[in-house]
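A.B. asks: First the structure, then my questions, so here it is.
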There are 2 protein chains.
Amino acid sequence: MTKSDTTRARLLARGLDTVSVGGLGGLTLGRLAQASGMSKSGLYAHFGSKEQLQIALLDEATRAADRAVVAPAMASPEGLPRLRALVEGWLGWPPRAGLGGGCPIAAALFELDDMAGEVREHVAALEGRWRALLADLTQQAVALGHLCGDLDVDQFVFELCGLYLSHHASSRFLRDPAALVRARTAFAALIERAQGAQAR
Amino acid sequence: MTKSDTTRARLLARGLDTVSVGGLGGLTLGRLAQASGMSKSGLYAHFGSKEQLQIALLDEATRAADRAVVAPAMASPEGLPRLRALVEGWLGWPPRAGLGGGCPIAAALFELDDMAGEVREHVAALEGRWRALLADLTQQAVALGHLCGDLDVDQFVFELCGLYLSHHASSRFLRDPAALVRARTAFAALIERAQGAQAR
């Protein structure tokens, strides 16, 4: 690693923590410069613009989630066990990945919904990739006969994302100690329904 | 209405639209002053601080939701019909209430989750009141025998909030044309489960 790579890695770690707590809107090159003890022009040399910094931080969040959530789940057997492992690792993942706040991508879905621009486009691509992974794992569980053959996979993913977002709001905003139990109960019911899909 | 009341009402309408699009963090007294053609000191006379302005706008959003969602639902018969009417009116309500963006309170759940202060406290109180209304209507449906007697009402409300948040993300951020159908399908399944609660 060159000195420039090390500095960039340190800035990304510091910036990710800030974005995790205060959202994308809470981070400017000026604020990151202040927090990291670098000059604003030094930061420009690394990231070019506020938008490029935000995009780099969203990618950093994705890498953190890949390490903390996806990679461990992939060690579980294919099908329902892997899907279960992924959901269990996904719920409340940011603190386990060393972030000081919540998931920056979930927050961006609500922060940037009415904005246009390259940051929104990037969040849409990352969220699309994440939902494609959820759909793939669900489809594998269908293919292995762990879930019903006539399951509407997109509907399943929609509801899965709902229980994740509800857990995010209940645990992080409302600070409800029952949030994780509620999310697990909802997931168990979703799986049960997906196993008897023909009946509904 | 005094002239001051009229000005305040106009500022709240303008500010609510701005917050609905750009979130609480996107609104400052300076920006609202610019958007409304008033001086910043004139705005201070009405709201006192950025936090008081944000709180006034959250209350304005609540009044808009009361008019657009709650009042019409209350005209439906008690129990499940009223709960259904509320959920149908709740999904995608902001444009129908004249807001240019999404629900400012849902967005604040993700924007302020890691913040402290009076605005967060106010959002928590408004969200608590909303969830209490959802729980009351669900409980009435239980009392009237429309839903199972052993239903876990808090679990039901957690999942209901999940499908609302998932619809918000799918419709507003991902701009998925199937979002409303997905939310209605999820709600129908939630109701069906709540009607057979003893079996699960």
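A.B. asks: If I fit a long axis through the Cα atoms of helix B:153-168 and take the longest principal axis of the Cα atoms of chain B, what angle between them do I get, 0 to 90°, rounded to 10?
C.D. replies: 60
A.B. asks: Also: Quick one: helix A:179-195 against the long Cα principal axis of chain A, what's the angle to the nearest 10°, folded into 0 to 90?
C.D. replies: 50
A.B. asks: Now a separate question. Let me know the mean shielding of A:112-125 by other chains, meaning the per-residue number of their Cβ atoms within 10 Å of its Cβ.
C.D. replies: Per-residue shielding by partner chains comes out at 3.
A.B. asks: Classify the protein assembly as shown: rounded, prolate or oblate, from the alpha-carbon gyration tensor (a ≥ b ≥ c, eigenvalue square roots; a/c under 1.5 rounded; otherwise prolate if a/b is larger than b/c)?
C.D. replies: Note, shape of the protein assembly as shown comes out oblate.
A.B. asks: Right, next: Counting Lys and Arg as +1 and Asp and Glu as -1, what is the net charge of the other residues whose Cβ lies under 12 Å from the Cβ of residue B:89?
C.D. replies: +2
A.B. asks: Here's a follow-up. Other chains near A:183-192: what is the mean number of their Cβ atoms within 10 Å of each residue's Cβ?
C.D. replies: For this peptide, the per-residue mean of nearby foreign Cβ atoms is 3.
A.B. asks: Report the extension gain between residue A:96 and residue A:66 in nm, rounded to one decimal, defined as 0.36 nm multiplied by the number of residues separating them, less their alpha carbon distance.
C.D. replies: Difference between extended and current length: 9.6 nm.
A.B. asks: Say R0 is 22 Å: what FRET efficiency, to the nearest 0.05, do residue A:144 and residue A:184 get from their beta-carbon distance?
C.D. replies: 0.50
A.B. asks: Sticking with this structure for a sec: Give me a single rounded figure for B:103-111: the average over its residues of other chain Cβ atoms within 10 Å of their Cβ.
C.D. replies: Rounded to a whole number, the mean comes out at 5.
A.B. asks: Moving to a separate point now. Which of the lysines could a cross-linker bridge to residue A:50, judged by Cα under 30 Å and excluding same-chain residues fewer than eight apart?
C.D. replies: Within the straight-line limit of under 30 Å, residue A:50 reaches these lysines: A:3, A:40, B:40, B:50.
A.B. asks: Quick one: dipole size for the protein assembly as shown, taken about the Cα centre, charges +1 on Lys/Arg Cβ and -1 on Asp/Glu Cβ, in debye to the nearest 20.
C.D. replies: About 800 debye.
A.B. asks: Okay, moving on. Taking only C-alpha pairs under 8 Å that are 6+ residues apart, what is the relative contact order of the stretch B:79-180 in percent?
C.D. replies: Across the stretch B:79-180, relative contact order equals 36 percent.
A.B. asks: Angle check, please: helix B:80-90 long axis (alpha carbons) against the longest principal axis of chain B (alpha carbons), in degrees 0 to 90, nearest 10.
C.D. replies: On a 0 to 90 degree scale, this one is about 30.
A.B. asks: Between B:30, B:149, B:117, which gets the highest mean-square fluctuation from a Gaussian network model of chain B, Cα cutoff 10 Å?
C.D. replies: Answer for the Gaussian network model of chain B: B:117.
A.B. asks: Please work out the Cα center distance from the stretch A:57-128 to the stretch A:13-35, rounded to the nearest Å.
C.D. replies: So the two Cα centres are separated by 18 Å.
A.B. asks: With a cut-off of 8 Å between alpha carbons and a minimum separation of six or more residues, what is the relative contact order of chain A in percent?
C.D. replies: 19
A.B. asks: Ok, one more. How far, in nm to one decimal, is residue A:124 from itself in the other copies if the label point is set 7 angstrom along Cα toward Cβ? Shortest first, please.
C.D. replies: 3.6
A.B. asks: Here's another thing I want to ask about it. Compute the distance in nm between two label points, each set 7 Å from the Cα along the Cα-to-Cβ direction, one at residue B:28 and one at residue B:9.
C.D. replies: Between residue B:28 and residue B:9, the label points sit 3.1 nm apart.
All of the numbers you see were taken from the coordinates with simple rules; none came from a lab. If you're wondering where the values come from, they're calculated on a predicted model, not measured in any experiment. Cβ atoms come from the backbone with ideal geometry, glycine included; neighbour counts cover every protein chain shown.
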